[in-house]
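Read through the structure below, which is laid out as structure tokens, and then see the notes.
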Amino acid sequence: MATEIKANAIYKIIGQNCYAVPSNSSDAMYKVCFDESAANWTCTCRHGEVQSERGQAARCCHVAAVQVSIKANLPVSTDQKGLLHSASGKAFSLLK
Ligand SMILES: [Zn+2]
């Protein structure tokens, strides 16, 4: 079972099937993408990259957080800077 991310914000990357999810342990953001051709989730965190090398879909906490966000059907912004999803359902633009 993946641990939940501590950050309650997920950033939609406009123009890509990707999201940026803040790391629990640093200021880094991990990029989570859905690869439609493979129907696989990918993540740039260590866990996700190991699974990618094995040809498996990433099943880390970052992917799980994005899936929850999508299921909650939160609105998608057309703002080029992207959209911040919060656990409370509030949405606001990314800061500059
Ligand atoms: Zn990850």
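The values are calculated or read from the model by the stated rules, or taken from the named source; none is laboratory data. Quick caveat, the model's predicted, so the values are computed rather than measured. Heads up, the Cβs are rebuilt from the backbone with ideal geometry, glycines too, and the neighbour counts pull from every protein chain shown.
Within the set of pairs 6 or more residues apart or between chains, which connect a residue that is over 18 Å from LYS12 (Cα atoms) inside segment 27-54 to a residue that is in a helix (DSSP H, G or I) with Cβ atoms less than 9 Å apart?
HIS47/CYS61; HIS47/HIS62; GLY48/HIS62; GLY48/VAL63
Need at least 2 residues that are touching a Leu at 6+ places or on another chain (Cβ under 8 Å) and at pLDDT below 85 per element, so show me which strands (runs of 3 or more DSSP E) inside segment 1-66 make the cut, counting only ones lying wholly within it.
9-13
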